[in-house]
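Engineer: The structure follows.
No value in this document is a laboratory result; all are computed from the given coordinates. Values in this document were obtained by computation on a predicted structure and should not be read as measured data. A quick note on method: Cβ atoms are made from the backbone with ideal geometry, for glycine too, and the neighbour counts reach across all protein chains shown.
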Amino acid sequence: MNFRNRIAAVLAAAAATWGATSAAWAAPPAQASEQKPTGKLTKPPRLLKFFQAPYPESERAKAAVALAISIGADGKVVDATVVDSGGPAFDEAAVLAARQFEFEPAEIDGVPAPVRIQYRYDFVLTEAAPSAAPKAADFGGVVRDRKTGKPLAGVTVGLDAETTKTDENGRFRFEAAEPGTHSVTLSAAEFTPVGTEETLVAGRKYDATYDVDVPTEQPSPEEKVDFEIIVVDTVLEKSIASTSVSAEQGSRVAGTGGDVIKVVENLPGVARSSVGSGALVVWGAGAADTRVYVDDVHIPLLYHEGGFRSVIHSDLVQNVELEPGGYGAAHGRGLGGLVTVGLKPLEADGYHGSVAVDAIDGAASVRGSIGDKIRFAGAVRRSHLDWVLARVSSQDVGDFVPIPKYWDSQLRLAWVPRDGESVEIGSLLSSDRISRSLVESDPADTKRESKATGFERIYVRYQRHLDDGGTVTVTPFVGFDQSRVSNQFGAVSAVLDDQATLYGLRASWSGHPTEALGLTAGIDSEVVTNSLQRTGSVTEPPREGDIRVFGQAPSDKVNADQWRTVIAGLAPFAEADLALAGGRVHVLPGARLEPSVVSTSRRTPTDGDQPAVGLMHEDTHLEPRVAVRWSATDRIRLRAAVGVYHQPPLAEDLSAVFGNPGLAPGKAVHYLAGVEFQLSKPVSVGLTSFYSGQSDLVTRSPLPSPVTAQALVGGGLGRAYGTQILLRHDLSGRFFGWLSYSILRSERTDGGTKDYRPFDFDQTHVFTALASYDLGAGFEVGSRFRYSTGYPRTPVLGAAYDARTDSYEPVFGAHNSSRIPAFYQIDARVSKRFSFGQHTELEVYLDVQNVSNHGNPEEIVYNFDYTKKSYITGLPVLPVIGGKLTW
Amino acid sequence: MVTSRHAFTALALTTALAGTGCKPELEGRASLVRSDRVLAVQSSPAEVTLTGASSPAVRYTALYVGAGAVPDPAGLSFAFCTARKPLAVNSPVAPECLSPSGPGLEPIGSGASLQGAVPSDGCRMFGPSPSDPKPGEPPSRPADPDTTGGYYQPVRVLFPGEDGEPGYAVGVTRLDCGLGGATQEQILDFNNRYRPNENPAVDTFVLRRSDGHDEPFAEGADARLPVAPGERVTLQVSWAKCPVVAVCGDGICGIGEAATCTASSTGCTACPADCAPPEGCDAAAGGSSTGTMGAPASSAADCTLPHGCTGSEPYVSLDPAARAIVDRREAIRVSWFATDGEFEHDRTGRTEEEADDASSENAWTAPAAIGDVHVWVVVRDDRGGVGFREATIDVQP
């Protein structure tokens, strides 16, 4: 409990204590003949100015000092003497204070006259009332003209029913706003009233910027007046190198078909995936090393097979954030990056929905509320490309090109009992099917492939914004992942079937115990049980690092295995945000304790009737992470981060026949440093350099005769280093876009060696330039240019004839010592919006990939004896016409 | 083999098999012989059993051909490959065996046909019986069998390639190494019923004209038929129809048959007529001829082996997924080669399910130029057995 020195002055008693013995010691000259003076007090002195005596520092007890104060005829104090002492310190303080008093002078016989009074000065020590937890938010900001950036004065800003007007600087303020969710409206004579919702947390200060389109002429019905919000808040910033893109921007990027999440492929640090692959390779890490979350729910992949669409409908997405490395302690179990898809908060603003269709798929979404407290949203999407191609193509395309068939759906139901608290139940479903057959005259050359994957998640999400500014989030979820890949090369079949059940729980609290300290603590637990079956060659499916030629038949040396695994982790984590130097420097130390258990049903291959003996091992790792952010100036911000990460082995690598049940988790250490310049309000440029060192990676055993149950071994090394630049123009006015460039090198070693070779997905240079411009009248155009270095490949020096199979097998040169030629492509998009009423809109778009029809080499192919080579080229010009009706 | 079709350009998806966007035309057909090549390597017998320290003798015959004159077989060099290749390498042999010499090679000799002794440790090196581990060390991982449950001793054949660079071909001898990772009952069942592989052989080689008239090629040097320039004909090969159920006295030592049966041999049928060494087989003199294309006398081991069927043989193997002994039939692949003209397919064949159909055919279009066109047909079963036949087509007006 804090004590403050306070003095409780008792003033009223002073007037009552002056004694009857008070007498005038200076009387005005009397008029002799006309009035005989009586010497009576006709008006007592009145204290006009009190002076507070400082509480003596040495004293902790209360005291009272009786003073005799002589007051002159002018009301000023002539003298003050101690009549009854309260102690030397108190006496001195009281006398000094009393000599500063000023009085309205007393009157004797109606004439101001000097008097002497007795005055009691009380010194009282009280405990200070504890500073109450802030119960309100400080909500302010500025309203500007979006085109000119000039502040708008006289705009009425409403916070629910409360209103205020912007001053001459366009600024407004609500000093004591109730925490919770409020509707904010802006209205003025110059523009149509607009509104949004803000969620305010007690104890925080908000500085919002509202940029409003002020039409210079009467807007036509098709034009929509909208505005942009940039909210600056002192929230705990967890990420140092992240790039976040709003749904509004993401849906407009050319080449993405309006899919918000596809924009991730255009962010710095992300390698270009080959055509037909939705693999996400971030900062040189394998696709399985990057974790993907939808809010707090972990999902296994971001895109459907073929990479055409993401697995979450864009209407439900608020933003998507990519952290290629160096992320905070709240997440783990991945050596690569982190992708977080943020879902839109559910609102009670009527019923809305959309229907969209193009050549690839059809989708629908709906959202609404039942009263104010029950809110819901849902979406479904299904592909129909196979149906379309069957009707427009002149040959059975499916025989040669695997056509993906997919669907996905999301369902959300939320109960909002009060402002700042919500309970949401949701489901995320996804399914992919792909199959193809190539029948040849030689049965041994007949090829069949099929792949069926999918996942299901059911989650409950409880979130509450506390009165002290904290936030509590609890998200338990259960999930099912299915994957069955089946290939047949002649008589050689390869099957990998993996059925997984997941149980997860993420719970966290974040808050600001003090103005300079933010804290986040929580727990991240996940238990995954897998049931797997695999038959076929050890080399099918191939692993990163396997030397092979595109389309090469796998080895016909086959085996089979069935096994079950349990991989469990329970990771408490904590992270702080220390604001130093007046908030210019933020230090974010964090730590994550990652104990994990890996259990396998068989430690050795099946051998006759011998019973299966399982294997279980436990690992515990402490993962320290620290980041620093320094706002050197208002426009320049520097950042750096270091972090340790671990990733448990994949269940499919724990086979005693094809892998190794004893694999240990892999490890990575991320280092990054960067600087960001805010050139102007919407324009920024960021430069980030990074290094990621990996160890204990899983690789093939290098031994010609591996040890039993060790076809795979740990001990592989990896490293990735490079620099990325992002020049970004946020959505402002009619335009947004960015240029991103990364130069990086990612390498691996293979089992048993320390010699690094290029990672299979290494891309030295990746450049993306994209832009979108609103032409007005509902028209919008966009374009994207991409350039990337080709993937490494191992050159073929010759071939040997396999007389048993009548085929030639390549003889390879140095591992990954050559490359596919570089890729470049231009995509374009044009759209037209038609508005029908306030909320109904029809958008028609044409999204053309590879406008220039440039044949980009995607893979190297050889003739039958490997004496000639050429390239398979990727997508030719691909126009996709689509439409979306929103209401 | 590369197909020459283009996918519909509306989309393109990379797969592990083939076909993305546009696939280019690449030069060369496997069926067109334009240079000196090895088209097949036959091991006779096709399969041997390694017992103890024995090194059974095997005869290797290479089908070594050229676009013009028959190339000099003295340039062929045979060697056993004794190095095991790493698991992830798809090559038929360890990379170090694709060299003229080295520590992983045991030379056999030179020539088109020669005899060698299969290394006795083949089942440890390439089979399910790895070497005993050193004290304190875990055992080595056994080699995986092929889809027929077989293990193979690779044989490297070096021949003069183009531009002075050596060319390499790899043949095999199948090794009967027994079963790995099976139960005792399965091992007994397998041992009782498994019969070593027999090389397939071409029974008939026929030219069918467009009017449906069949003309068989004769054996040996008299295998010659005329065809008009540009004429499209059908070539057909056939092989023996193998009985699914063994019948004693049919001349084939089939599943469940043996020269003698012991009391513990369940499911065994004693059939010395079919399973005893062949008549006239003089083991000391090297035995009787069992090869094709007039191959010289077979190895002594051939005399001790009962004969199988030279077509799609039935056999037993361990299904690794079901972990059960299953009855199988050999698939037969036919490779077609010619020095000119064009085959419709480079390879044809019959799957295991089509095993009752003991023939395969292919269309061939004669070139415009007149002259001799050499044609070879190679039949392979999926247990490593090989047979081949040669003929000459006289292209004349």
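Engineer: Label points 7 Å out from Cα along the Cβ direction at A:Ala632 and A:Arg171: separation in nm?
Structural biologist: Each label point is offset 7 Å from its Cα along the Cβ direction, giving 2.8 nm.
Engineer: In addition: Distance from the Cα centre of segment A:662-723 to that of segment A:503-543, in angstrom?
Structural biologist: Going from one Cα centre to the other spans 18 Å.
Engineer: Work out the charge dipole of segment A:584-679 with +1 on the Cβ of Lys and Arg and -1 on the Cβ of Asp and Glu about the Cα centre, then indicate which of A:Ala656, A:Val613, A:His646 is farthest towards its positive end.
Structural biologist: So the residue furthest toward the plus end is A:His646.
Engineer: Relative to the present Cα-Cα distance, how much length would full extension add between A:Lys868 and A:Val830 at 0.36 nm per residue of separation?
Structural biologist: Working it through step by step, the gained length comes to 9.5 nm.
Engineer: Express the relative contact order of chain A as a whole percentage, based on alpha carbon pairs under 8 Å and six or more residues apart in sequence.
Structural biologist: Reported as a whole number, the value is 8 percent.
Engineer: Same structure, new question: In whole angstrom, note down how far apart the Cα centers of segment B:182-255 and segment A:416-436 are.
Structural biologist: Taking the Cα centre of each part, segment B:182-255 and segment A:416-436 sit 62 Å apart.
Engineer: May I ask for the net charge around A:Gly662, where only other residues with Cβ less than 13 Å from the Cβ of A:Gly662 are counted and Lys, Arg are +1 while Asp, Glu are -1?
Structural biologist: -2
Engineer: Once you charge only the Cβ atoms, +1 for Lys and Arg and -1 for Asp and Glu, what is the size of the charge dipole of segment B:88-223 about its Cα centre, to the nearest 20 debye?
Structural biologist: Here the size comes out at about 460 debye.
Engineer: For the protein assembly as shown, give the magnitude of the charge dipole about the Cα centre (Cβ charges: +1 Lys/Arg, -1 Asp/Glu; no others), in debye to the nearest 20.
Structural biologist: With only Lys, Arg, Asp and Glu charged at Cβ, the dipole is about 3820 debye.
Engineer: Let me see the P(r) profile for the protein assembly as shown: every Cα-Cα distance counted, bins of 10 Å, each bin given as a percent of all pairs.
Structural biologist: 2, 8, 14, 16, 15, 12, 9, 7, 6, 4, 2, 2, 2, 1, 1, 0, 0, 0, 0
Engineer: On a C-alpha basis, how far is the centre of segment B:338-393 from the centre of segment B:33-80 in Å? Whole number, if you could?
Structural biologist: Between the Cα centres of segment B:338-393 and segment B:33-80 lies a distance of 20 Å.
Engineer: In segment A:470-491, which residues have a backbone nitrogen under 19 Å from the label point lying 7 Å from B:Glu353's Cα in the Cα-to-Cβ direction?
Structural biologist: Zone members listed by number: A:486-491.
Engineer: With labels modelled as points extended 7 Å from the Cα through the Cβ direction, what inter-label distance (nm, one decimal) is found for B:Glu96 paired with A:Ser183?
Structural biologist: 8.1 nm
Engineer: If you don't mind, there's one more thing I want to ask. Figure the gain on full extension for A:Thr42 and A:Glu618 (residue separation times 0.36 nm, minus the Cα-Cα span) and round it to one decimal in nm.
Structural biologist: Using 0.36 nm per residue and subtracting the Cα-Cα distance, I get 197.8 nm.
Engineer: On to the next question. In degrees, nearest 10, range 0 to 90: what is the angle between the Cα axis of helix A:88-98 and the longest Cα principal axis of chain A?
Structural biologist: Compared with the principal axis, the helix lies near 80 degrees.
Engineer: Then there is this: Using Cβ counts within 10 Å as a stand-in for footprinting exposure, how do A:Ile820, A:Ile108 rank, fewest first?
Structural biologist: A:Ile820, A:Ile108
Engineer: Under the rule of -39500 (n - 2.57) per DSSP H run of 4 or more residues, summed and divided by the residues of the protein assembly as shown, what mean residue ellipticity at 222 nm is obtained, to the nearest 500 deg cm²/dmol?
Structural biologist: After summing the helix terms and dividing by the residues of the protein assembly as shown, the value is -1000 deg cm²/dmol.
Engineer: From the mean inverse distance of alpha carbon pairs (Kirkwood) and the Cα radius of gyration, derive Rg over Rh for segment A:509-663.
Structural biologist: Rg divided by Rh gives 1.19.
Engineer: Considering only the protein assembly as shown, what is the antiparallel percent among its DSSP beta bridges, to the nearest 5?
Structural biologist: 95 percent
Engineer: Once R0 is set to 45 Å, what does the formula 1/(1 + (r/R0)^6) return for the Cβ-Cβ distance between B:Ser54 and A:Ser437, expressed as a FRET efficiency to the nearest 0.05?
Structural biologist: That pair, B:Ser54 with A:Ser437, gives E of 0.45.
Engineer: Provide the gained length on full extension for the span A:Gln678 to A:Asp145, in nm with one decimal, where the gain is 0.36 nm per separating residue minus the Cα-Cα distance.
Structural biologist: Here the answer is 189.9 nm.
Engineer: Test of understanding: extend the Cα→C-beta vector of A:Gln499 to 7 Å, then name every residue of segment A:558-602 with backbone N under 19 Å from that spot.
Structural biologist: Taking a point 7 Å out along Cα→Cβ of A:Gln499, the residues of segment A:558-602 whose backbone N falls under 19 Å are A:561-567, A:600-602.
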